[in-house]
Amino acid sequence: MLKDLIIKNRSYRRFDPTVHVTMDELSEMCEAARLSGYGMNIQSTKYILINDSKTCKLITENCVWAGYLTDWQGPAENEQPSAYIMLLFDKTLKKQSQHSEGIAAQSILLTAVEMGYGGCIIGSCKRQALMEALAINAERYEIAFVIALGKPAETVILEESVDDIKYYRDENGFHHVPKRPLNELIIRKIGE
């Protein structure tokens with residue numbers, strides 16, 4: 001069952017904006033992240049939950065959506081996410097590597113998928129513009145990731161990679177994600 005959630009948990013970049021993600025659902029996603037493992041149990045990741053359409057539009061416009069899709073500037077107005085969770089690092093607590101924020105983000109997305117939603121972890125955004133627009137205290141916090149959330153409005157197809165791992169869209173608008181074969185990733189097995 002967990003593997004099925006992992007397979008459904010793709011980086012969705014086009015959404016049905018008419019499907020509303022509630023504040024209770026966003027909170028439940030953060031609860032899953034809160035209960036996840038954290039380096040030294042520091043718990044320095046803090047969250048801003050957004051489901052206001054005006055603020056969602058602002059965030060959408062300040063994110064870089066798909067590095068390999070150079071001719072695509074992000075979701076059109078009728079494909080934008082209906083919610084976001086911003087993961088902030090609290091600088092008053094001991095600095096951790098981003099592995100803890102990554103674990104939190106994955107927990108959020110797996111919970112979202114279980115609820116029938118999808119999302120995309122966005123690491124490339126105009127951090128300063130977002131900090132100012134959302135009046136985030138820059139002395140205390142920095143943006144780790146932005147997670148776009150909503151009801152996916154695109155088909156993502158996993159496929160085996162031969163040499164090229166760049167994701168792409170075909171002529172029907174399906175999003176293809178090449179994955180390296182497992183035997184290429186496991187470099188050694190020690191034991192029986």
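The values are calculated or read from the model by the stated rules, or taken from the named source; none is laboratory data. All values reported here derive from a predicted model rather than from experimental measurement. Don't worry about glycine lacking a Cβ; one is built from the backbone with ideal geometry, like all the others, and counts go over all protein chains shown.
Points to keep in mind about this one:
- In segment 43-57, the condition of being modelled with pLDDT under 90 and outside any strand (DSSP E or B) is met by at least one residue.
- Qualifying positions in segment 144-162 - crowded, with 18+ Cβ neighbours inside 10 Å and at pLDDT below 95: 144, 145, 156
- Qualifying residue in segment 63-80 (condition: more than 28 Å from residue 171 (Cβ to Cβ) and modelled with pLDDT of 95 or more): no
- Just one of the listed residues (109, 93, 69) is touching a residue at least 24 places away in the same chain (Cβ under 8 Å), in a helix (DSSP H, G or I) and out of contact with any Phe, Trp or Tyr (no Cβ under 7 Å at 6 or more places or on another chain), namely 109.
- Hey, residue 40 without any contact (Cβ under 8 Å) to a residue 40 or more places away in the chain and surrounded by fewer than 12 Cβ atoms within 10 Å (Cβ to Cβ) or not: no
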